[in-house]
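Visitor: This is the structure I have questions about; it appears just below.
The values are calculated or read from the model by the stated rules, or taken from the named source; none is laboratory data. Predicted model only: the values in this text are computed from it and were never measured. All Cβ positions, glycine included, derive from the backbone under ideal geometry; neighbour counts span all protein chains shown.
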Amino acid sequence: MQLSLRSLSQATGTAYRLPSEAEWEYACRAGTTTPFHYGKTLTSQVANYGSAYTYAAETAGEYRRATTPVGSFSPNAFGLYDLHGNVWEWCADCWHDSYAGAPTDGRAWVNGGNQEWRSLRGGGWADYPSRSRSANRSGYLADSLNRTIGFRVCSA
């Protein structure tokens, strides 16, 4: 991942990095306090996830079984697309089982925890809707590949 970010930065002349978990959640929520920036539930009309499953009392929706092009659904209040579902997104933080001891200023938490794993946010196209909640988090081996994992960059 670092090689890709370095190449992107060199090609564009702008420094890029992965967001911290705190930055990612702030961007996803876009000022909301509900489980999803869309509101209290998720449907296949607003996100790409394993919509054969439901979060609340809504009906099952169209299960696409693959990624969708960025911008296929409406953006959040900050103008950001596809924060719920589609692909999990790498964060700069090492994996920690909880937030106990996490930085309180939004920086990535890179000390302690499982140094071989990185945090993921957002859920993916094959996941239950609960995995796509704004606050949901997961972890994965940092040097592994998975077709349901992507990334979103921030300017450094």
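Visitor: Out of all the residues in the stretch 59-93, which are farther than 26 Å from residue 107 by Cβ and not in a loop (DSSP other than H, G, I, E, B)?
Guide: 85 - this is the single residue of the stretch 59-93 that is farther than 26 Å from residue 107 by Cβ and not in a loop (DSSP other than H, G, I, E, B).
Visitor: Can you find even one residue in the stretch 23-40 that is part of a loop (DSSP other than H, G, I, E, B), closer than 28 Å to residue 143 by Cβ and without any contact (Cβ under 8 Å) to a residue 24 or more places away in the chain? I'd like the intermediate steps shown before the answer.
Guide: Quick first cut of the stretch 23-40, residues part of a loop (DSSP other than H, G, I, E, B) only: 30-35, 37-38, 40.
Still in the list and also closer than 28 Å to residue 143 by Cβ: none.
No: zero hits.
Visitor: Can you pull out the residues in the stretch 115-129 that are hydroxyl-bearing (Ser, Thr, Tyr) and under 13 Å from the mean Cα position of the chain (by Cα)? Working first, answer last.
Guide: Keep residues of the stretch 115-129 that are hydroxyl-bearing (Ser, Thr, Tyr), which gives 119, 128.
Answer for the stretch 115-129, where residues must be hydroxyl-bearing (Ser, Thr, Tyr) and under 13 Å from the mean Cα position of the chain (by Cα): just 119.
Visitor: So, one more: Identify, please: which residue in the stretch 34-84 is among the polar types (S, T, N, Q) and over 22 Å from residue 150 (Cα atoms) and is, among those, surrounded by the fewest Cβ atoms within 10 Å (Cβ to Cβ)? Give the steps one after another, and end with the answer.
Guide: The first filter runs over the stretch 34-84 and keeps only residues among the polar types (S, T, N, Q), leaving 34, 41, 43-45, 48, 51, 54, 59, 67-68, 72, 74, 76.
Next, only the ones that are over 22 Å from residue 150 (Cα atoms) stay: 34, 41, 54, 59.
Values: 34: 12, 41: 15, 54: 16, 59: 8.
Ranking the qualifying residues of the stretch 34-84, first place goes to 59.
Visitor: I'd like the residue in the stretch 117-150 that is exposed (fewer than 13 other Cβ atoms within 10 Å of the Cβ) and among the charged types (D, E, K, R) and, out of all such residues, is nearest to residue 70 (Cα to Cα). So that I can check it myself, show each step before the final result.
Guide: So in the stretch 117-150, the residues exposed (fewer than 13 other Cβ atoms within 10 Å of the Cβ) come out as 135, 141, 143-147.
Now restrict to residues that are among the charged types (D, E, K, R): 143, 147.
Values: 143: 25, 147: 16 Å.
Step by step, filter the stretch 117-150, then rank; the result is 147.
Visitor: Got at least one residue in the stretch 40-58 being under 17 Å from residue 19 (Cα atoms), modelled with pLDDT of 95 or more and touching a His at 6+ places or on another chain (Cβ under 7 Å)?
Guide: Initial filter on the stretch 40-58 (under 17 Å from residue 19 (Cα atoms)): none.
Scanning the stretch 40-58, I find no residue that is under 17 Å from residue 19 (Cα atoms), modelled with pLDDT of 95 or more and touching a His at 6+ places or on another chain (Cβ under 7 Å), so the answer is no.
Visitor: Next up: Checking residue 99 against (1) in contact with a Cys (Cβ under 8 Å, 6 or more places away or on another chain); (2) within 20 Å of residue 133 (Cβ to Cβ); (3) exposed (fewer than 15 other Cβ atoms within 10 Å of the Cβ), which test does it fail?
Guide: Failing condition for residue 99: (1).
Visitor: Among the numbered conditions (1) in contact with a Pro (Cβ under 7 Å, 6 or more places away or on another chain); (2) without any contact (Cβ under 8 Å) to a residue 12 or more places away in the chain, tell me where residue 55 comes up short.
Guide: (2)
Visitor: Modelled with pLDDT of 95 or more and in contact with a helix residue (DSSP H, G or I) (Cβ under 8 Å, 6 or more places away or on another chain) - does that describe any residue in the stretch 63-75?
Guide: Within the stretch 63-75, none of the residues are modelled with pLDDT of 95 or more and in contact with a helix residue (DSSP H, G or I) (Cβ under 8 Å, 6 or more places away or on another chain).
Visitor: Filter the stretch 17-50 down to the residues that are touching a helix residue (DSSP H, G or I) at 6+ places or on another chain (Cβ under 6 Å) and farther than 25 Å from residue 95 by Cα and list them by number.
Guide: 42
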